[in-house]
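The values are calculated or read from the model by the stated rules, or taken from the named source; none is laboratory data. Everything numeric here is computed off the predicted structure, so don't read it as measured data. Cβ placement follows ideal geometry from the backbone for every residue including glycine, while neighbour counts extend to all protein chains displayed. Surface accessibility is based on the protein's heavy atoms, side chains included, excluding ligands, DNA and RNA. Shrake-Rupley method; radii C 1.70, N 1.55, O 1.52, S 1.80 Å.
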Amino acid sequence: MRTPPAVEDLLRALAPQVLGTLVRRHGAFDACEDAVQEALLAAAVQWQGEGVPENPRGWLLTVATRRLTDQWRSERARRDREAAVAAEEPAEPGPDEHRAADRDDTLTLLFLCCHPALSPSSQVALTLRAVGGLTTAQIARAFLVPEATMAQRVSRAKQKIKAAGARFGAPPPDEREERLRAVLHVLYLVFNEGYTASSGPDLRRADLTAEAIRLARELRRLLPGDGEAAGLLALMLLTDARRAARTADGGLLVPLTEQDRSLWDAEEIREGTELITDALTWSPPGPYQVQAAIAAVHAEAARPQDTDWPQILALYRLLAHLSPNPMVTLNEAVALAMVDGPTAGLDLLRTLDGDTRMKGHHRLAAVRAHLLEQAGDAPAAREAYRDAARGTTSLPERRYLESRAARLNEGDSDGKA
């Protein structure tokens, strides 16, 4: 039986608060995280039949503490520690327990899950499980890997955190900025994987985009004075607003310039635009704010031909200064082509030909194909589309790229990608 959405949302919101309380009391992040997962599963089953308790957070904390006690009781070497936990465990959560649980450790957990000792894929998996409250099975389904594989990834991540001697607390002041950027990057990775799945039959995975937006809202709530936290949430909202227009019948990808803009989500556009407009009035611009500003300029255009491409080009050049990387250059080349013509865009793309980071990446071939098509070089564009199609593991992207090549085979080089 599927857990009601309202209960599922409540459990996800409470998960990091309960986990934070346990880890603050007892340490042992790995054991506490397992105990909280068991409590969440118990709640998902019991609350459906009996209803949500008056104090759901206290209920979860009590059940998780009992699970932790049971776990340590079974390990004879930890008899003393188990006794200490048992002595602290309340039979029912009282007023003092409620006050202790009021402390919100979500940000501390995010820092811990994005510890520099972990690989990006491990950071993502651990964040979704410990902070997002997702089960290992849910994360495995989202990333199209076997549950056993994801369980091993999560287990290794917790072992690495333990081996690194990571403590449950705020990072040192001299590391905080770098660690916060890592947290933002992990949430960005989760959103991107959901918005354009890197593999599989579907273009997007709605559960991942929704969870990324929820966690970005949490981060924004916890850090109201951080412009990049606001920028990341704005970027997600403005990008997600296009989801209904991104696919046609049969799941074929529809590029931005061909989308039916009446299908865009006006409320997400309004919220995202207000967020980024406000942030830029008081925060120095950072990469996520600039990307959100670019998305807002696209959202302002009622028709593709109304897009302010000179402003977008200027923003991409600012982004290239703040965060130089080949993906920014790809997008800058598209904007440059819209302002100065496809030849200018192709010239900029050539600067990436020797970049080892782009070796075998299908997006370089895809953008080159698009600009060659704009320039009227149908044979070269067709081959570039085919190269890009061979390089992607996303079936919707492959079908789209093959369809562009096929159109050029038919002598139609007027379409815009």
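Name every residue in the range 357-414 that is part of a helix (DSSP H, G or I) and of a type in the set (Ser, Thr, Tyr), in order of residue number.
Hits for the range 357-414 are 385, 400, 403.
Considering the range 253-275 alone, what residues qualify as being of a type in the set (S, T, N, Q), open to solvent by less than 60 Å² (accessible area, probe 1.4 Å) and in a helix (DSSP H, G or I)?
The answer is 257, 273.
Is it the case that residue 38 is open to solvent by 40 Å² or more (accessible area, probe 1.4 Å), modelled with pLDDT of 90 or more, at negative phi and part of a helix (DSSP H, G or I)?
Yes: the conditions hold for residue 38.
Sort out which residues of the range 142-154 are in contact (Cβ under 8 Å) with a residue 40 or more places away in the chain and surrounded by fewer than 16 Cβ atoms within 10 Å (Cβ to Cβ), and write them in order of number.
The one that is in contact (Cβ under 8 Å) with a residue 40 or more places away in the chain and surrounded by fewer than 16 Cβ atoms within 10 Å (Cβ to Cβ): 144.
Has the range 195-205 got any residue that is at pLDDT 90 or above and either surrounded by fewer than 15 Cβ atoms within 10 Å (Cβ to Cβ) or over 30 Å from residue 305 (Cα atoms) (or both)?
For the range 195-205, residues at pLDDT 90 or above and either surrounded by fewer than 15 Cβ atoms within 10 Å (Cβ to Cβ) or over 30 Å from residue 305 (Cα atoms) (or both): absent.
Only one of 337, 369, 365, 380 is within 23 Å of residue 402 (Cβ to Cβ) and either assigned by the TED database to the domain that holds residue 228 or in contact with a Phe, Trp or Tyr (Cβ under 7 Å, 6 or more places away or on another chain) (or both). Can you tell me which?
Unique residue meeting the criteria: 369.
Of these, 356, 351, which one is of a type outside the set (D, E, K, R), open to solvent by 30 Å² or more (accessible area, probe 1.4 Å) and out of contact with any helix residue (DSSP H, G or I) (no Cβ under 8 Å at 6 or more places or on another chain)?
Residue meeting the stated conditions: 356.
Out of the residues in the range 276-293 that are open to solvent by 30 Å² or more (accessible area, probe 1.4 Å) and in contact with a helix residue (DSSP H, G or I) (Cβ under 8 Å, 6 or more places away or on another chain), which is nearest to residue 402 (Cα to Cα)?
If we take residues in the range 276-293 being open to solvent by 30 Å² or more (accessible area, probe 1.4 Å) and in contact with a helix residue (DSSP H, G or I) (Cβ under 8 Å, 6 or more places away or on another chain), then 291 is nearest to residue 402 (Cα to Cα).
Among the helices (runs of 4 or more DSSP H) contained in the range 47-101, which hold 2 or more residues that are open to solvent by less than 40 Å² (accessible area, probe 1.4 Å) and at pLDDT 90 or above?
Filter on the range 47-101 gives 56-73.
Can you tell me which of 142, 125 is within 28 Å of residue 242 (Cα to Cα), touching a Gly at 6+ places or on another chain (Cβ under 8 Å), among the aliphatic types (A, V, I, L, M) and in the same structural domain as residue 33 (by the TED database)?
Sole residue among the options that is within 28 Å of residue 242 (Cα to Cα), touching a Gly at 6+ places or on another chain (Cβ under 8 Å), among the aliphatic types (A, V, I, L, M) and in the same structural domain as residue 33 (by the TED database): 142.
Kindly indicate the residue of the range 228-252 that is in contact (Cβ under 8 Å) with a residue 24 or more places away in the chain and over 21 Å from the mean Cα position of the chain (by Cα) and also most open to solvent (accessible area, probe 1.4 Å) among those meeting that condition.
That would be 252.
Name the residues in the range 5-25 that are touching an Asp or Glu at 6+ places or on another chain (Cβ under 9 Å) and open to solvent by 20 Å² or more (accessible area, probe 1.4 Å), would you?
Answer for the range 5-25, where residues must be touching an Asp or Glu at 6+ places or on another chain (Cβ under 9 Å) and open to solvent by 20 Å² or more (accessible area, probe 1.4 Å): 12, 13, 17, 24, 25.
Scan 166, 212 and give me the residue that is open to solvent by less than 60 Å² (accessible area, probe 1.4 Å) and farther than 24 Å from residue 255 by Cβ.
None of the others qualify; the one that does is 166.
Can you tell me which residues in the range 120-137 are more than 15 Å from the chain's Cα centre (by Cα) and open to solvent by 20 Å² or more (accessible area, probe 1.4 Å)?
Selection gives 135, 137.
Please tell me if residue 222 is more than 28 Å from residue 394 (Cα to Cα) and at pLDDT below 95.
Criteria met by residue 222.
If a residue has to be over 10 Å from residue 275 (Cβ atoms) and either out of contact with any Leu (no Cβ under 9 Å at 6 or more places or on another chain) or part of a helix (DSSP H, G or I) (or both) to count, how many in the range 237-251 make the cut?
So the count comes out to 10.
Identify all residues within the range 155-194 that are within 21 Å of residue 21 (Cα to Cα), in a helix (DSSP H, G or I) and touching a Leu at 6+ places or on another chain (Cβ under 8 Å); write none if there are none.
Residues satisfying the conditions are 157, 158, 161, 183.
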